[in-house]
Amino acid sequence: MAEKIQVLQVNKQFKNEMVLHDINIKFEEGKIHGIIGKNGSGKTVLLKIICGLLKPTSGKVLVDGKEVGKDIDYPDNMGIIIEAPGFLPYSSGYKNLEYLASLKKIIGKEDIERAMRKVGLDPAIKKGVGKYSLGMKQRLGLAQAIMENPDILILDEPMNGLDKQGVEETRSLFSELRDQGKTILLVSHSGEDISSLCDTVCEMDRGNLTQLSV
């Protein structure tokens, strides 16, 4: 299979602190790739560099053969959940997604509604997102990530705040997306998520990345 994402000798330093140490990893398309590690180990920083939200101090990231930050600013074929998704609190879930969809103008009403239903949300609910539970906000973030049908999903703790049924439904959705050929990078503290879903597993520890299984 083709390599969808290549992280080549990436280092990241904030002031005097080296957060990522010489990261070399390649992620094949059509697979779910798990990244585990304690808080503060560098997982989120790595994801942000892959997405183009942070620049590496040295090294480079290639997505579909294009260098992020040089050939492209941000890969446009990515759906992303990193940290808590930010939404307009007084607008409904649908209205929030409609606003975000208007930025690229590549999907319409039916696509937004379909994405919401896929993650277990009713597009007709009028209440503002500020009144959503943590689990509902997480579902809405996932709907945002998938609604434009991206090739790649970058998901940092996507099960956070979901109840048991929500976790099962979300795992099923991720398996379905992989079967469609999507490439998924999944950060999770849950060993069960990693073991049941992931084709490859890496561990981040103090800025060092080790491949555990392929």
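All of the numbers you see were taken from the coordinates with simple rules; none came from a lab. The shown structure was predicted, so the numbers you read here are calculated from the model rather than taken from an experiment.
How much mean residue ellipticity at 222 nm does the chain get from its helices, if each DSSP H run of length 4 or more adds -39500 (n - 2.57) and you divide by all residues, to the nearest 500 deg cm²/dmol?
-9500 deg cm²/dmol
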### Task
Find the centroid of the Cα atoms in segment 9-87 and in segment 93-129, then give the distance between the two in whole Å.
27
### Task
Mind listing the long-range amide H neighbours of I35? Cut-off is under 5 Å, sequence gap 5 or more, other chains count too, H placed in the peptide plane at 1.01 Å from N.
L186, V187, S188, C202
### Query
Which lysines have a Cα less than 30 Å from the Cα of K127, not counting those fewer than 8 places away in the same chain?
K95, K104, K105, K109, K118, K137, K164
### Message
Give me the extension gain from E168 to N149: residue separation times 0.36 nm, minus the current Cα-Cα distance, reported in nm with one decimal.
### Response
4.7 nm
### Query
Once amide H atoms are built 1.01 Å from N in the peptide plane, which residues 5 or more positions from G59, or in another chain, come under 5 Å H to H?
N11
### Those lysines that a straight Cα-Cα span of less than 16 Å connects to K15, excepting residues fewer than 8 apart in one chain
K55
